[in-house]
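Participant: Before I ask anything, here is the structure I am working with.
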Amino acid sequence: MYIELSNEDKKSLEPILIPKSTRLKITKLIKGWVATEDQDLLTVRKARFINRANNVLNNKIFVLEPDEMGNYDIPTISWVDCEFEVMIRRPSTVQLVEILIDFFMDDLIGLEEINRIFLNDSIGIEIQYIEKIGSVNHYEGSISIHYLTVIEKPTGSDKLQEDKSIATLLNRMEKSFETKDYSAVLHASASCFEAQAKKIIDKETALNQTLGSLIEQYRSRSYLPEEFIEYILSIYRRRNSEPNAGHGSPLPSTVTEEDAIFIRRMTYALLEIENDLEWVNGNR
């Protein structure tokens, strides 16, 4: 049994681009699922994926024909290998999503790993499966496409990856934002500013101090306007008082998604502005 997407989902998916880089990640993921040292078994597993994809694409189903010993010849293995490499690259976005759903329905793949790739690559969709109580297989449940709000990394953020400590904190902030742990976004942002301040002050004695104790040194050394310094200080203070941002608490976090979006963008912006100002003033 094959579950087809609704016409509404098909129309919504049509303008969405799933790039080659994402398709390659999916192919590599599937390679992990079919991996075995037995060449003939590997060929059978790959062919099963190929034929499930062909079924969705309405292409001819390939029938494997072993020799008298139950083995497959080199031309057959080569053809299966080639088809396997392009089966995810060839379809349109709608067809690819339908193929992935069919793989899941046939217990060939899990959706969690696929959705993680979509999320990390900012594709903007999530394949959701709703299980029917008491069901014995996936076909008794239902599938829907959830459309996510895609927020790209700010332009120029790649330059910030050159500083390993800042890069680690920014990556932590990104992961927290993706998992909707907004208090952790606040925590990572404050830590970014704290690390940046210590870099700007550039004194060994500053390394083991907090931003609160270093703020006056930072204020006198930084080229940022005063209102930006005050914003950074406000993030640091909120980190220290916000439930589960700086300290554990039974109280829920008050950091909203809107707060997290603003905090995240401002973190990138202020780090980049300060780096640019440092470069300009250092090269006069």
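The values are calculated or read from the model by the stated rules, or taken from the named source; none is laboratory data. Here the structure is a predicted model, which is why all the values come from computation and not from measurement. Note that we place each Cβ from the backbone using ideal geometry, even for glycine, and neighbour counts take in every protein chain shown. We work out accessible area using only protein heavy atoms, side chains counted, and drop any ligands, DNA or RNA first. Shrake-Rupley method; radii C 1.70, N 1.55, O 1.52, S 1.80 Å.
Participant: What is the sum of charges, Lys and Arg at +1 and Asp and Glu at -1, for the other residues whose Cβ falls under 15 Å from the Cβ of Glu226?
Facilitator: Here the count lands on -2.
Participant: Hey, another quick one. Between the range 164-229 and the range 45-80, what is the C-alpha centre distance in whole Å?
Facilitator: Each part's Cα centre sits 55 Å from the other's.
Participant: Report, to two decimal places, the Cα Rg of the range 226-270 normalised by 2.2 N^0.38 Å (N = number of residues).
Facilitator: The value comes to 1.22.
Participant: Here is a follow-up. Relative to the longest principal axis of the C-alpha atoms of the chain, give the angle of the C-alpha long axis of helix 74-86, reported between 0 and 90° and rounded to the nearest 10°.
Facilitator: Compared with the principal axis, the helix lies near 40 degrees.
Participant: For every helix of n ≥ 4 consecutive DSSP H residues, a contribution of -39,500 (n - 2.57) applies; sum these over the chain, divide by its total residues, and give [θ] at 222 nm rounded to the nearest 500 deg cm²/dmol. It would help to have the intermediate numbers written out before the result.
Facilitator: Details: 12 runs with 169 residues, N = 284.
Using -39500 (n - 2.57) per qualifying helix, the result is -19000 deg cm²/dmol.
Participant: How far, in degrees from 0 to 90, does helix 211-221 lean away from the longest principal axis of the Cα atoms of the chain, to the nearest 10?
Facilitator: 70
Participant: Set the bar at 25 Å for Cα to Cα. Now go through Lys11/Lys46; Lys46/Lys175; Lys164/Lys198; Lys11/Lys180; Lys28/Lys164 and name every pair that lies beyond it. Please report the intermediate quantities before stating the final value.
Facilitator: Working: Lys11/Lys46 30 Å; Lys46/Lys175 33 Å; Lys164/Lys198 14 Å; Lys11/Lys180 28 Å; Lys28/Lys164 28 Å.
Those over the limit are Lys11/Lys46; Lys46/Lys175; Lys11/Lys180; Lys28/Lys164.
Participant: Related question: When only alpha-carbon atoms count, how far does the range 1-149 stretch along each of its three principal axes, as whole angstroms with the largest first?
Facilitator: Projected onto its principal axes, the Cα set of the range 1-149 covers 53, 38, 27 Å.
Participant: Considering only protein heavy atoms, what per residue accessible area in square angstrom results for the range 1-82 with a 1.4 angstrom probe?
Facilitator: Value returned for the range 1-82: 66 Å² of accessible area per residue.
Participant: Can you give me the angle between helix 226-241 and the longest principal axis of the chain, using Cα atoms only, in degrees from 0 to 90, rounded to the nearest 10?
Facilitator: Value to nearest ten degrees: 70.
Participant: Here is a further query. Run the reach check for Lys10 against aspartates and glutamates, Cα to Cα strictly under 20 Å, same-chain hits fewer than 8 apart removed. What comes back?
Facilitator: Glu98, Asp102, Glu126
Participant: Further, regarding this structure: Keeping every protein chain present and rolling a 1.4 Å probe, give me the accessible area per residue for the range 215-255 in Å².
Facilitator: For the range 215-255, the solvent-accessible area averages 58 Å² per residue.
Participant: Can you pull the percent of the chain's accessible area that's carbon plus sulfur, 1.4 Å probe, other chains left in place?
Facilitator: Here it works out to 51 percent.
Participant: Quick one: what are the phi-derived ³J(HN,Hα) couplings along the range 113-121, Karplus 6.51/-1.76/1.60 with θ = phi - 60°, whole Hz, x for glycine and proline?
Facilitator: Couplings: 5, 5, 5, 5, 5, 4, 5, 5, 9 Hz.
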